[in-house]
Amino acid sequence: MPAGSEKPVLVAQATPAPAAPKPAETPAGAPAKPTDAGKATDGGKPAEPAKAPATQAPAAQQGKPAQAAPAKPAPAMTPEVKSLVDRMQAFYEKTSDFRSGFRQDYKYKTFRRTQTSEGTVTYKKPGLMRWEYQKPTARTFVLAGNKVYAYDAAAQSLTVGSIDTSQLSASVTFLFGQGKLADEFAITKGTCKDCKGTLLVLDPLKDEPRFRQVRLEVDPATAQVLKSTVVDPDGSENTISFLGLKTNVGIDADSFKLDVPKDTRVDDFTKGQKK
């Protein structure tokens with residue numbers, strides 16, 4: 001992955017489209033050229049919980065239909081963990097919008113280095129999210145319905161890609177007030193000396209090619225997520241710390257429109273795709 005590029009965290013758990021902030025890629029999967037590059041986005045539907053792809057059983061190699069790998073039975077959560085998870089989900093179900101500063105630390109396991117980015121994130125139901133990167137480079141990512149817009153001011157480029165929101169994991173959609181974490185993860189309490197809140201460790205119940213584990217640091221008093229860490233299959237860690245999060249502040253839908261210069265190059269990967 002090239003240095004200096006970002007990718008919003010919450011969108012990063014989609015298949016096959018972009019991941020939310022992962023330093024390095026612009027939305028893959030088929031971005032679309034808006035009719036007006038200056039007003040690229042519109043509202044969309046909120047994301048749904050993800051479904052793990054089917055894996056082939058030996059029978060599939062003999063000409064028989066492949067069977068999806070069954071999910072492991074979820075172990076019972078301790079009363080303390082269940083109470084916190086229930087309060088956390090209820091908190092986001094009641095949240096119509098939020099705005100927060102963020103710090104992203106992406107630890108590359110292979111290269112043994114960490115890339116740090118900072119900016120602001122804004123969300124509004126249903127399905128509007130904007131990641132505004134300020135450091136180390138200025139970049140903007142907007143999720144609007146089934147499209148992702150990536151704007152790079154320095155390169156004067158706008159990339160538009162499609163994303164199947166039905167494939168987003170519950171580790172993302174619960175922030176949108178949807179998706180039940182307990183349906184997709186075994187959830188336990190972790191240990192963390194430096195945590196300001198309670199650390200919840202989420203291990204997928206199904207084989208999950210997109211990530212190995214999710215960790216959520218949750219404020220036990222407010223049930224807000226203070227920090228989210230997604231562990232990639234290769235062991236790299238993508239951590240987003242939410243700073244000064246404010247909810248239900250009355251964010252306007254126009255906040256998610258991109259107003260870019262007329263000479264901006266637009267790479268549209270959604271042309272010809274069925275809507």
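The values are calculated or read from the model by the stated rules, or taken from the named source; none is laboratory data. Note that the coordinates shown come from a computational prediction; the quantities given were computed from them, not determined experimentally. Counting neighbours? That spans all protein chains shown, and the Cβs are built from the backbone with ideal geometry, glycine included. Remember, those area values only see protein heavy atoms, side chains included, never the ligands or the DNA or RNA. Shrake-Rupley method; radii C 1.70, N 1.55, O 1.52, S 1.80 Å.
Can you find even one residue in the stretch 219-228 that is open to solvent by 10 Å² or more (accessible area, probe 1.4 Å), among the aliphatic types (A, V, I, L, M), touching a helix residue (DSSP H, G or I) at 6+ places or on another chain (Cβ under 7 Å) and farther than 21 Å from Glu118 by Cα? Looking for residues that are open to solvent by 10 Å² or more (accessible area, probe 1.4 Å), among the aliphatic types (A, V, I, L, M), touching a helix residue (DSSP H, G or I) at 6+ places or on another chain (Cβ under 7 Å) and farther than 21 Å from Glu118 by Cα, one finds none in the stretch 219-228, hence no.
Taking Leu205 as the residue in question, decide whether it is modelled with pLDDT of 90 or more and in contact with a helix residue (DSSP H, G or I) (Cβ under 8 Å, 6 or more places away or on another chain). Judged against the criteria, Leu205 is a match. Exactly one residue among Asp267, Asp234, Asp254, Asp219 is among the charged types (D, E, K, R) and modelled with pLDDT of 95 or more, and that residue is Asp219. Residues of the stretch 108-117 that are part of a strand (DSSP E or B) and loosely packed, with under 15 Cβ neighbours inside 10 Å: Arg113, Thr114, Thr116. The set of residues from the stretch 199-248 being among the β-branched types (Val, Ile, Thr) and touching a Ser or Thr at 6+ places or on another chain (Cβ under 9 Å) comprises Val201, Val214, Val218, Thr229, Val230, Thr239, Ile240, Thr247.
Mind checking whether some residue in the stretch 230-239 is open to solvent by less than 20 Å² (accessible area, probe 1.4 Å) and closer than 20 Å to Ser96 by Cβ? The answer is no, given that none of the residues of the stretch 230-239 is open to solvent by less than 20 Å² (accessible area, probe 1.4 Å) and closer than 20 Å to Ser96 by Cβ. Among the residues of the stretch 208-225, are any closer than 27 Å to Phe111 by Cα, assigned to a strand (DSSP E or B) and among the charged types (D, E, K, R)? For the stretch 208-225, residues closer than 27 Å to Phe111 by Cα, assigned to a strand (DSSP E or B) and among the charged types (D, E, K, R): present. Counting only strands (runs of 3 or more DSSP E) that sit wholly inside the stretch 123-202, those with at least 3 residues that are of a type outside the set (Ser, Thr, Tyr) and open to solvent by 20 Å² or more (accessible area, probe 1.4 Å) are 128-135. For the stretch 194-237, a residue qualifies if it is without any contact (Cβ under 8 Å) to a residue 60 or more places away in the chain, small (Gly, Ala, Ser) and out of contact with any strand residue (DSSP E or B) (no Cβ under 8 Å at 6 or more places or on another chain), and exactly one does: Ala221.
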